[in-house]
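Following: one structure in structure tokens, then a few remarks.
The values are calculated or read from the model by the stated rules, or taken from the named source; none is laboratory data. What you see is a predicted model, and the numbers here were worked out from it, not measured in a lab. Because the Cβ atoms are built from the backbone with ideal geometry, glycine has one as well, and the counts that use them run over all protein chains shown.
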Amino acid sequence: MPVLLTGAQGFIGSWLAEGLLDEGAQVVTLLHDVDAESRFNRAGIGERCIHVRADLRDYESLAGALREHEIRAVFHLAAKAVVSKASRSPIGTFETNIRGTWSLLEACRTVGDPIERIVVASSDKAYGRHADLAFSEDSPLEPVYPYDVSKAASDMLARSYAATYGMPIAVSRLANVYGGGDFKPSRIVPATIFSLLDGKRPVIQSDGSPERDYLYVEDAVTAYLAIAQSLDDPQRWGRAWNAGNDHPVAVREVVARLIAVAGADVEPDIQGQPSPNGQIDRQFLDSSAIRGELGWQPQWDLDRGLAATWRWYSEAGSRQR
């Protein structure tokens, strides 16, 4: 099946692209500059894909790509995904995350031959801050900060197109995904690993108490595939699906486990700063729907996932950090 995957060159996208290719899909990606050190290039994934010149924000170029390659499935992962950058510069985030989503959905709606399945990546951040945890799919979307708002908007756009036009669309709301190939130093797992590889103390900017639900990237891939498969049933069109480990872990605990995996004799530098604008202290998911209805289960617990992640970076060789 010809599949359009936006965001294929990114961290999660590279793993999903590889998973789709291994399943026999013909993966089409949007062409743009890719870091030579990215996993997408290092693992030779890009060489197995078809690249098209189309701007995510441009309906005409997207529609042309869908027609030319007779696309039958779409996974929309492309986004400006760094929370702190979104708060400093919201316009680029809104343009990509919101306009990019409606442009793609409109192209899918009007392209001609119907597309069989469309999965749009939202986020646990779309829920915003709630006193009652864990988030279920019925929890209201109450975001405040720019990145969170942009993901909630794309989430609602996807479900609007499904309801209004009878399109086979589902939304994924994943927990914090970690694994090899994430080079964003603002995220705790790669930042800690980079420090340990450089012989430095890992820095925890907060007091270490903020909690997140962590999902290993290979489990994220199987969640995307399960969500896509669910669209065989029209009764599930327009659904949103949480996917996580359903277990919150404090930042200090994640860092401590990585230090143990690395066999390092260091203590983290806990700076105790207040959470910056755009960061929420406690977020985790209730994934009972995807487990019960679709039979998806995460296969990687945190210790095993962190060990695999550490091995990936240890073996990846030098890169500028």
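Brief remarks follow.
- If the condition is being on the phi > 0 side of the Ramachandran plot and at pLDDT 95 or above, then segment 222-258 contributes only Gly238.
Residue by residue, here is whether (1) surrounded by 20 or more Cβ atoms within 10 Å (Cβ to Cβ); (2) part of a loop (DSSP other than H, G, I, E, B); (3) β-branched (Val, Ile, Thr); (4) assigned by TED's automatic domain parsing to the domain that holds Ala73 holds:
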{"position": "Asp232", "(1), (2), (3), (4)": "no, yes, no, yes"}
{"position": "Gln235", "(1), (2), (3), (4)": "no, no, no, yes"}
{"position": "Leu258", "(1), (2), (3), (4)": "yes, no, no, no"}
{"position": "Gly272", "(1), (2), (3), (4)": "no, yes, no, no"}
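- Residues that are crowded, with 23+ Cβ neighbours inside 10 Å and in a strand (DSSP E or B) within segment 178-203 comprise just one, Tyr178.
- Of the helices (runs of 4 or more DSSP H) that lie entirely inside segment 77-170, those containing 2 or more residues that are of a type in the set (Val, Ile, Thr) and under 20 Å from Gly7 (Cβ atoms) span 90-94.
- Residue within segment 41-52 that is outside any helix (DSSP H, G or I) and small (Gly, Ala, Ser) present: yes
- Look at segment 141-163: where a residue is under 11 Å from Tyr127 (Cα atoms) and free of Cβ contacts under 8 Å to residues at least 40 places away in the same chain and a partner is aliphatic (A, V, I, L, M) and assigned to a loop (DSSP other than H, G, I, E, B), sitting 6+ places away or on another chain with Cβ atoms under 7 Å, you get Ala152/Leu141.
- Candidate set from segment 12-40 (those that are assigned to a helix (DSSP H, G or I) and more than 17 Å from the chain's Cα centre (by Cα)); member that is surrounded by the fewest Cβ atoms within 10 Å (Cβ to Cβ): Asp22
- When restricted to residues that are under 15 Å from Arg239 (Cα atoms) and either touching an Asp or Glu at 6+ places or on another chain (Cβ under 9 Å) or buried (at least 18 other Cβ atoms within 10 Å of the Cβ) (or both), segment 136-152 contains 5.
- Selection of first residues in segment 186-205 that are over 22 Å from Ala308 (Cβ atoms) and in the same structural domain as Pro268 (by TED's automatic domain parsing) and of second residues that are of a type in the set (D, E, K, R) and in a helix (DSSP H, G or I), restricted to Cβ pairs under 8 Å at least 6 apart or on distinct chains, gives the following pairs, ordered by first then second residue: Ile204/Arg252.
- Among residues of segment 52-67, those that are crowded, with 16+ Cβ neighbours inside 10 Å and closer than 14 Å to Pro2 by Cα, counted: 3
- Selection count where residues are surrounded by fewer than 16 Cβ atoms within 10 Å (Cβ to Cβ) and farther than 27 Å from Ala243 by Cα, scope segment 110-130: 4
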